[in-house]
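The structure appears right after this line, and notes come after that.
The values are calculated or read from the model by the stated rules, or taken from the named source; none is laboratory data. Values in this document were obtained by computation on a predicted structure and should not be read as measured data. Here the Cβ positions follow ideal geometry from the backbone for every residue, glycine too, while neighbour counts run over all protein chains shown. Only protein heavy atoms, including side chains, enter the accessible area calculation; ligands, DNA and RNA are left aside. Shrake-Rupley method; radii C 1.70, N 1.55, O 1.52, S 1.80 Å.
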Amino acid sequence: MFMTMSSDSNRSRQILGIVISAVLFVVWILVDMYIFPGIGGALGYPVFEIVAYGSWFVLLLIILAILSVTGAIPSRSKQQESISSAQQ
């Protein structure tokens, strides 16, 4: 019984992490399409390019962190523990 509740809780955390990451990604696409071009003229192209590409790198790191913390990207030690317990 406890194992099922824990499994359901972990599954809901994983789904929540995936949804948050997807929403963040879509919002950032909209920011990149509509807001960055407006500030591109004010900052000049070289600065705009650094801000635009740098922001995507930071965004990807944030998304990976969210997925990792919520358990959507399983850690290697958890996979090995589940494999070893299944074999016994």
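Structural remarks
- Some residue of segment 24-37 being open to solvent by 50 Å² or more (accessible area, probe 1.4 Å) and either modelled with pLDDT under 75 or charged (D, E, K, R) (or both): no
- Count of segment 51-74 residues, restricted to those that are hydroxyl-bearing (S, T, Y) and either open to solvent by less than 60 Å² (accessible area, probe 1.4 Å) or touching a residue at least 12 places away in the same chain (Cβ under 8 Å) (or both), is 2.
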